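S.K.: Please see the structure below; I have some questions.
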Amino acid sequence: MEHKNDFLNIVKIEYLTPENAKFSETANGFPRLEAFIPKVKKDDLEENSGDDTPVWQDLGRVFFHRAFPYDSAENFISVTDKEGNEYGLIRSLSEFDGAGREIIERELKRKYYTPVITKIKSVKERFGYSYWEVETESGSASFAMHDTFRNTAKISEERVVLTDVDGNRYEIKDVFALDRKSYRKIELYL
């Protein structure tokens, strides 16, 4: 049973809180982070001293990634550099307030922008692609999907997320709430 402890020693999660993480904006309006965490190596050539003493450091531009984008969008948000190296994890967005929280929320909203489909006007299949004409809460939209079955994610019995060829996501909150004609156009993919 000692293997459990070995795993805990391998994985070290740095949690970011309002006490050890200050979010602001770069001159260009991108999120940046100053954090009181163990010294971050800037490149692979920098030697790791083995000293885990936290120090305040300016980490520059950062990126946010939701660990559970559908089930728990406000919790477990990874904060990384541009290469995807993780600085730390925000347990819950509710821990933050003020300008820092606004910066995080704005960036997550931009990154995870997902129009909600209210009506499906048409779906046409051609050569392994499907072409969609829909109404969303934000207005009319059209998009193409490759391998429609693979890019249709059934999140729950009624909730569906579609991913188009450009990686954009579209959500149907409740397929059963769609009008009958719309439902029949998507029924095949459910």
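Every residue, every condition in (1) touching a Leu at 6+ places or on another chain (Cβ under 7 Å); (2) within 18 Å of Glu19 (Cα to Cα); (3) in contact (Cβ under 8 Å) with a residue 24 or more places away in the chain; (4) among the small types (Gly, Ala, Ser), yes or no:
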site	(1), (2), (3), (4)
Thr53	no, yes, no, no
Thr80	no, no, no, no
Gly84	no, no, no, yes
Tyr87	yes, yes, yes, no
Ser92	no, yes, no, yes
Gly98	no, yes, no, yes
Pro115	no, no, yes, no
Ser122	no, no, yes, yes
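S.K.: Return the pairs, sorted by first residue and then second, in which the second residue is surrounded by 11 or more Cβ atoms within 10 Å (Cβ to Cβ) and not hydrophobic (A, V, I, L, M, F, W, C), the first residue lies in segment 133-159 and is free of Cβ contacts under 8 Å to residues at least 12 places away in the same chain, the beta carbons are less than 6 Å apart, and the residues are 6+ apart or on different chains.
M.R.: Every condition considered, the pairs that remain are Ser142/Glu133.
S.K.: Determine whether segment 141-149 contains at least one residue that is in a strand (DSSP E or B), under 17 Å from Leu190 (Cα atoms) and either of a type outside the set (A, V, I, L, M) or not assigned by TED's automatic domain parsing to the domain that holds Arg66 (or both).
M.R.: Checked against the condition, which is being in a strand (DSSP E or B), under 17 Å from Leu190 (Cα atoms) and either of a type outside the set (A, V, I, L, M) or not assigned by TED's automatic domain parsing to the domain that holds Arg66 (or both), segment 141-149 yields at least one hit.
S.K.: Here's a follow-up. Just checking, how many residues over segment 96-113 are within 13 Å of Val79 (Cβ to Cβ) and surrounded by 13 or more Cβ atoms within 10 Å (Cβ to Cβ)?
M.R.: 6
S.K.: On to the next question. Return the only residue of Gly29, Gly50 being at pLDDT below 95, within 15 Å of Arg101 (Cα to Cα) and more than 15 Å from the chain's Cα centre (by Cα). Don't jump to the end; show me each part of the working.
M.R.: Numbers: Gly50 fails: within 15 Å of Arg101 (Cα to Cα).
None of the other options fit; the residue is Gly29.
S.K.: Residues being out of contact with any Lys or Arg (no Cβ under 8 Å at 6 or more places or on another chain), of a type outside the set (Asp, Glu) and surrounded by fewer than 15 Cβ atoms within 10 Å (Cβ to Cβ): count how many of those fall in segment 81-90.
M.R.: 2
S.K.: Part of a strand (DSSP E or B), at pLDDT below 95 and surrounded by 14 or more Cβ atoms within 10 Å (Cβ to Cβ): is that true of Ile37 in this structure?
M.R.: Spelling it out, Ile37 is indeed part of a strand (DSSP E or B), at pLDDT below 95 and surrounded by 14 or more Cβ atoms within 10 Å (Cβ to Cβ).
S.K.: Tell me the residue from Val11, Val55, Val62 that is β-branched (Val, Ile, Thr), surrounded by fewer than 14 Cβ atoms within 10 Å (Cβ to Cβ) and at pLDDT 90 or above, please.
M.R.: Val55
S.K.: When you go through Ile120, Ile90 one by one, which is the residue that is modelled with pLDDT of 95 or more, within 14 Å of Glu74 (Cβ to Cβ) and part of a strand (DSSP E or B)? Reasoning before the result, please.
M.R.: Numbers: Ile120 fails: within 14 Å of Glu74 (Cβ to Cβ).
Of the residues listed, the single one that is modelled with pLDDT of 95 or more, within 14 Å of Glu74 (Cβ to Cβ) and part of a strand (DSSP E or B) is Ile90.
The values are calculated or read from the model by the stated rules, or taken from the named source; none is laboratory data. Computed from a predicted model, the values in this text were never measured in an experiment. All Cβ positions, glycine included, derive from the backbone under ideal geometry; neighbour counts span all protein chains shown.
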